[in-house]
């Protein structure tokens, strides 16, 4: 049976939601494995709305991250609050600043970040069930906010020293990693890759996400630790 992999989205657009390339590449690589990608997002307002042409916040604008995420999911999306670990074999979180602004508040609070309650619940359920978790780009900060101080996972956000120090302050071990590769924490069944945390082209980002998906699906299918 094809593994069911939750893809947790945080909006639509790299400055205030999910990074679109990373989300699409995740779904593409899952499909190539024959896995079922199940898009989901929390309901609620984004931290803010950014004009991506001007790269500046739009004063007074408000958007719901669930509604915005539905754009990426072509309308096939589930409310994260309705999803339980029993519904999934694995979960992957694409990056984009929405992961650090909407799925947790790492963008404003750094190492003191607090995760979105429903995101924290699902990740804790997945970890407790021994089901793999993948996190791309800045999304490892969400994993750190949820699991860093309890299970001390090994994660990567690439080579950015400041962000790496913040993850370590949250209880994680950071490992430098090239954009084309991923880091596998076999004990905690967590896989991370830098993606656009690095200055890279889409082909290199695709290679790293492909390796992450390979590892996550192998674990979900019982072919990896």
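Structure notes:
- Choice from 148, 34, 95 showing the highest fluctuation, given a GNM over the chain with Cα pairs closer than 10 Å: 34
- Rounded Å value of the spacing that divides the Cα centres of the range 90-120 and the range 132-184: 12 Å
- Zone of residue 187's modelled label, taken as backbone nitrogen in the range 129-158 under 14 Å from a point 7 Å along Cα→Cβ: 148-155
- Fewest neighbouring Cβ atoms within 10 Å first, the residues 18, 82 line up as 82, 18.
- Cα gyration tensor shape of the range 81-124, rounded if a/c is under 1.5, else prolate or oblate by comparing a/b with b/c: prolate
- Cα gyration tensor, the range 133-225 - rounded (a/c under 1.5), prolate or oblate: oblate
- Average Cα contact separation per residue, the range 38-162, under 8 Å, 6 or more apart, as relative contact order %: 23 percent
- Rounded is the label for the chain, because a/c, from the alpha-carbon gyration tensor with a ≥ b ≥ c as root eigenvalues, stays below 1.5.
- By the count of other C-beta atoms within 10 Å, a proxy for reagent exposure, 84, 121 are ordered fewest to most as 84, 121.
Only the coordinates and a few stated rules stand behind these numbers; no lab work does. Values in this document were obtained by computation on a predicted structure and should not be read as measured data. Virtual Cβ from ideal backbone geometry, glycine too; neighbours counted across all protein chains shown.
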